[in-house]
Amino acid sequence: MTRRTLLFALALCAIPALAQEPIRYTLRFPAPHTHYLEVSASIPATGPTVEVFMAVWTPGSYLVREYARNVEAFEATGGGRTLVWEKTRKNRWLVRTGGARRVELRYKVYAHEASVQGNWVDGGFAMLNGAPCFMTPVGRQQGPYEVAVELPAAWKKHISGMKLKPGEPNTYVAADFDELLDCPIYAGNAPIHEFDVEGKKHYLVNEGEGPMWDGPASARDVARIVAEYSRMWGGLPYDKYVFFNMLIESGGGLEHRNSTWLNASRWAYAGVDDAPPGGADPSAPRSRRPTRQGWLGLVSHEYIHLWNVKRLRPVELGPFDFENEVYTRSLWQAEGVTSYYGPLALARSGLSTEAQFLRAMSSAIGQLQTTPGRLVQPVETSSFDTWIKLYRPNENSGNTSISYYTKGEVIGLLLDARIRKVTNGAKSLDDVMVLAYKRYGGAKGFTPEEFRRTASEVAGTDLSGWFKDVLETTKELDYSEMLEYYGLRFRPQSNRKAIATGATVSSASGRITVTRVQRDTPTWAAGLNVDDEIIAVEDYRLRADQWPARLDYYKERKQVKLLIARRDVLMTLELPIAQQSAPSWNLEVAPNASAEQKARLKALLRQ
């Protein structure tokens, strides 16, 4: 074969890829108050059948969510006639094309899930994820894809992280299926606050904004977070970024390629900042009152995912297998280290104080150290098992497992202090993240070993033993190095001792019902079970507000009789009386901290 013939043959082979026809979707909302979205999909057909699938999970949320359960009224046409189809799996449809060049699919999606992993449609607005909306042919995940949005008459706006098709202001384009599923779409009438950082366009979509939420001020705060992360990472890797801020009295956040979906309370921005900055850990206890710090912390956490996860990612997390679980041991880094930077970036951008940062770290340490599961499950195992544990907790989860968000956040704090100490402040965790981003960002991804080696390289010393202890075992974390380096201490414990029970209860309808029993505590030893109703102590009836305070009257005894009802059967348990000082995991600057130690802490917060 001559060189000219070879080049011609290669050119012919390239034509199908270059000329691949787009898949076109149209989204309609004919009766949005019914919570239904109608989807039309026009798909090129190249054979006697076309098999399409819908994702079963969405990136960033490691749980099989079975999105196909919300699909109904599926139909297929082509060449002007109805086509025969059948379901082949829970999330797959096989269509017989009958020789048609394009297959036209139509189906409805029920959209009434206010979580950031689902879809929401009502009379006022729609907020849509890609995974619960779009189908694509099995085996094809390359684009182009086009999405046209047809708005109800009352809705005037729509926005997405995807680019608009030139000349078609209601049509978005995506280069591949990953991008399509990673770019949510909003439609409605929300205020959209636009701002620039380093010449890049940013949009804060405040659905539900009212008199208690200062839209322009919140946009200015978000701009400060963006500027801080741009400084740390060395620029912004996008043309535009969208913050979808759904003020719907809900919680949670989910990162995307160049956007994030946030759920919050419309009262948060005016809230009193008496709580540590928020995050995205689904297992973390929630503040009873929404606060500005909580919302800003959520923004910070989800935005840094733009680099850490969406571009600097564990090697297992892409390209995505949207039909099966994807296992990784690195979520302590992907989510945990992200959780560390969330409040840290707020302090660095001037949106929180040193005290608020220490409060956030105290909250994470306290949650970790009071969870018995820390002595049962290593954090890498927590990451690997996220598909069956973290998003499916039960009353015993705290006894057997640990959150990679929480422990990873604490590991981030300790790792940063260690690197700063061994390099005399010349290097930090920032340098590790930026170097890893340069090496493994984009299409490559990193292995657990590669991230550990990068950290050791920056530190100039072998950290493999330390990583093995904190990631692969259940050894207690050592806080002494971090405390000494920054001149901190845990606030001394109070001398006042309280009765320890180990039981968490609810008091609905005046009944004291056990909801959780912590391992190796007095109630655990007594044999108290979840769902037991506590009726009396030492033959005296208890009201809902008297547990556990009534036990203070028996603090000189070794044990007391506890009358309970278990599945309507009355029985008596012997409850040991144990007194303990409330443990303190609250960080504070030590009274004898040196000027050098205080300077190190300030250097951490002002970099």
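Go through segment 440-509 and tell me which helices (runs of 4 or more DSSP H), entirely inside it, have 3 or more residues that are touching a Leu at 6+ places or on another chain (Cβ under 6 Å). Explain how you work it out, then say what you get.
Working: elements: 448-459, 464-472, 480-486.
Per the criteria, 448-459.
Would you please list the contacts, defined by Cβ atoms under 7 Å and residues six or more apart or on different chains, that run from a residue in segment 119-147 that is over 19 Å from residue 28 (Cβ atoms) and not assigned by TED's automatic domain parsing to the domain that holds residue 28 to a residue that is of a type in the set (Asp, Glu) and not in a loop (DSSP other than H, G, I, E, B)?
none
Quick check, is residue 412 buried (at least 19 other Cβ atoms within 10 Å of the Cβ), at pLDDT 95 or above and either aromatic (Phe, Trp, Tyr) or assigned by TED's automatic domain parsing to the domain that holds residue 297 (or both)?
Details: buried (at least 19 other Cβ atoms within 10 Å of the Cβ): yes; at pLDDT 95 or above: yes; either aromatic (Phe, Trp, Tyr) or assigned by TED's automatic domain parsing to the domain that holds residue 297 (or both): yes.
For residue 412, the condition - buried (at least 19 other Cβ atoms within 10 Å of the Cβ), at pLDDT 95 or above and either aromatic (Phe, Trp, Tyr) or assigned by TED's automatic domain parsing to the domain that holds residue 297 (or both) - is met.
So residue 418 clears everything in (1) closer than 23 Å to residue 503 by Cβ; (2) assigned to a helix (DSSP H, G or I) except one condition, right? Which one?
Going through the list (1) closer than 23 Å to residue 503 by Cβ; (2) assigned to a helix (DSSP H, G or I), residue 418 breaks only (1).
Out of the residues in segment 494-524 meeting the condition of being within 28 Å of residue 588 (Cβ to Cβ) and loosely packed, with under 13 Cβ neighbours inside 10 Å, tell me which one is modelled with the highest pLDDT.
494
More than 30 Å from residue 394 (Cβ to Cβ) and either surrounded by fewer than 23 Cβ atoms within 10 Å (Cβ to Cβ) or in contact with a strand residue (DSSP E or B) (Cβ under 6 Å, 6 or more places away or on another chain) (or both): does that describe residue 282?
Working: more than 30 Å from residue 394 (Cβ to Cβ): no; either surrounded by fewer than 23 Cβ atoms within 10 Å (Cβ to Cβ) or in contact with a strand residue (DSSP E or B) (Cβ under 6 Å, 6 or more places away or on another chain) (or both): yes.
Judged against the criteria, residue 282 is not a match.
Name the residues in segment 64-88 that are at pLDDT 95 or above, of a type outside the set (Ser, Thr, Tyr) and farther than 14 Å from residue 50 by Cα, would you?
Applying the first criterion (at pLDDT 95 or above) to segment 64-88 yields 64-78, 81-88.
Remaining after also requiring of a type outside the set (Ser, Thr, Tyr): 64-66, 68-76, 78, 81, 83-87.
64, 65, 66, 68, 69, 70, 71, 72, 73, 74, 81, listed by residue number.
Please specify each residue of segment 354-407 satisfying the condition of being touching a residue at least 24 places away in the same chain (Cβ under 8 Å) and of a type in the set (Gly, Ala, Ser).
360, 362, 363, 364, 366, 373, 382, 383, 397, 398, 401, 403
What number goes with the only condition from (1) under 24 Å from residue 305 (Cα atoms); (2) out of contact with any Asp or Glu (no Cβ under 6 Å at 6 or more places or on another chain) that residue 471 does not pass?
Going through the list (1) under 24 Å from residue 305 (Cα atoms); (2) out of contact with any Asp or Glu (no Cβ under 6 Å at 6 or more places or on another chain), residue 471 breaks only (2).
Among the residues of segment 26-66, write down those that are at positive phi and among the acidic types (Asp, Glu). Show your work before the answer.
First, the residues of segment 26-66 that are at positive phi: 35, 60, 66.
The one that is at positive phi and among the acidic types (Asp, Glu): 66.
Those residues that are surrounded by 18 or more Cβ atoms within 10 Å (Cβ to Cβ) and farther than 22 Å from residue 180 by Cβ, I need them from segment 315-333; list them, please.
If the condition is that a residue be surrounded by 18 or more Cβ atoms within 10 Å (Cβ to Cβ) and farther than 22 Å from residue 180 by Cβ, then 328, 329, 330, 331, 332, 333 are the ones that fit.
How many residues are more than 28 Å from residue 436 (Cα to Cα), part of a loop (DSSP other than H, G, I, E, B) and among the small types (Gly, Ala, Ser) if we restrict to segment 213-239?
Residues meeting the conditions: 0.
Filter segment 377-395 for residues that are crowded, with 16+ Cβ neighbours inside 10 Å and over 19 Å from the mean Cα position of the chain (by Cα) and give the result.
Of everything in segment 377-395, those that are crowded, with 16+ Cβ neighbours inside 10 Å and over 19 Å from the mean Cα position of the chain (by Cα) turn out to be 377, 378.
Considering each of 266, 257 in turn, give the residue that is among the basic types (Lys, Arg), assigned to a loop (DSSP other than H, G, I, E, B) and either closer than 20 Å to residue 217 by Cα or not assigned by TED's automatic domain parsing to the domain that holds residue 432 (or both). I'd like the intermediate steps shown before the answer.
Working: 257 fails: either closer than 20 Å to residue 217 by Cα or not assigned by TED's automatic domain parsing to the domain that holds residue 432 (or both).
Unique residue meeting the criteria: 266.
So which of 118, 130, 98 ends up being out of contact with any Ser or Thr (no Cβ under 9 Å at 6 or more places or on another chain) and assigned to a loop (DSSP other than H, G, I, E, B)? Walk me through it before giving the result.
Working: 118 fails: out of contact with any Ser or Thr (no Cβ under 9 Å at 6 or more places or on another chain); 130 fails: out of contact with any Ser or Thr (no Cβ under 9 Å at 6 or more places or on another chain).
So the residue among 118, 130, 98 that is out of contact with any Ser or Thr (no Cβ under 9 Å at 6 or more places or on another chain) and assigned to a loop (DSSP other than H, G, I, E, B) is 98.
Could you say whether any residue in segment 117-124 is modelled with pLDDT of 95 or more, acidic (Asp, Glu) and crowded, with 20+ Cβ neighbours inside 10 Å?
Looking for residues that are modelled with pLDDT of 95 or more, acidic (Asp, Glu) and crowded, with 20+ Cβ neighbours inside 10 Å, one finds none in segment 117-124, hence no.
When you scan segment 516-607 for strands (runs of 3 or more DSSP E) that lie fully inside it, which ones turn up with 2 or more residues that are of a type in the set (Gly, Ala, Ser)? If you could, list the steps in order and put the result at the bottom.
Details: elements: 533-537, 559-566, 569-576, 578-581, 587-589.
Qualifying strands (runs of 3 or more DSSP E): 578-581.
Can you find a residue in segment 161-180 that is among the hydrophobic types (A, V, I, L, M, F, W, C) and in contact with a His (Cβ under 6 Å, 6 or more places away or on another chain)?
Checking segment 161-180: not a single residue is among the hydrophobic types (A, V, I, L, M, F, W, C) and in contact with a His (Cβ under 6 Å, 6 or more places away or on another chain).
What do you reckon, is residue 222 at pLDDT 95 or above, among the hydrophobic types (A, V, I, L, M, F, W, C) and within 28 Å of residue 122 (Cβ to Cβ)? Lay out the reasoning, then the answer.
Values: at pLDDT 95 or above: yes; among the hydrophobic types (A, V, I, L, M, F, W, C): yes; within 28 Å of residue 122 (Cβ to Cβ): yes.
The answer is yes for residue 222.
Just the residues that are charged (D, E, K, R) and not in a strand (DSSP E or B), please, taken from segment 138-167. Quick ask: steps written out before the conclusion?
Just the residues of segment 138-167 that are charged (D, E, K, R), to begin with: 140, 146, 150, 156-157, 163, 165.
Those that are charged (D, E, K, R) and not in a strand (DSSP E or B): 140, 156.
Listed here are the residues, each with its yes/no results for (1) of a type outside the set (Lys, Arg); (2) surrounded by 20 or more Cβ atoms within 10 Å (Cβ to Cβ); (3) in contact (Cβ under 8 Å) with a residue 40 or more places away in the chain.
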{"position": "165", "(1), (2), (3)": "no, no, no"}
{"position": "169", "(1), (2), (3)": "yes, no, no"}
{"position": "175", "(1), (2), (3)": "yes, no, no"}
{"position": "184", "(1), (2), (3)": "yes, yes, yes"}
{"position": "194", "(1), (2), (3)": "yes, no, no"}
{"position": "204", "(1), (2), (3)": "yes, yes, yes"}
{"position": "224", "(1), (2), (3)": "no, no, yes"}
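To keep it simple, each residue is scored yes or no on (1) over 29 Å from the mean Cα position of the chain (by Cα); (2) within 20 Å of residue 149 (Cα to Cα); (3) not basic (Lys, Arg).
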{"position": "33", "(1), (2), (3)": "no, yes, yes"}
{"position": "39", "(1), (2), (3)": "no, yes, yes"}
{"position": "85", "(1), (2), (3)": "yes, no, yes"}
{"position": "90", "(1), (2), (3)": "no, no, no"}
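Just checking, how many residues over segment 126-153 are charged (D, E, K, R), farther than 22 Å from residue 89 by Cβ and crowded, with 16+ Cβ neighbours inside 10 Å?
First, the residues of segment 126-153 that are charged (D, E, K, R): 140, 146, 150.
Add one more test, that the residue is farther than 22 Å from residue 89 by Cβ, and what stays is 146, 150.
Subset that is crowded, with 16+ Cβ neighbours inside 10 Å: 146.
So the count comes out to 1.
Would you confirm whether any residue within segment 330-340 is part of a loop (DSSP other than H, G, I, E, B) and out of contact with any Cys (no Cβ under 9 Å at 6 or more places or on another chain)?
Filtering segment 330-340 down to residues part of a loop (DSSP other than H, G, I, E, B) leaves 330.
So of that shortlist, the ones also out of contact with any Cys (no Cβ under 9 Å at 6 or more places or on another chain) come out as 330.
Checked against the condition, which is being part of a loop (DSSP other than H, G, I, E, B) and out of contact with any Cys (no Cβ under 9 Å at 6 or more places or on another chain), segment 330-340 yields at least one hit.
The values are calculated or read from the model by the stated rules, or taken from the named source; none is laboratory data. Bear in mind that the values here come from a model prediction, so they are computed numbers and not experimental data. Every residue, glycine as well, gets a Cβ built from its backbone with ideal geometry; the counts of neighbours run over all protein chains shown.
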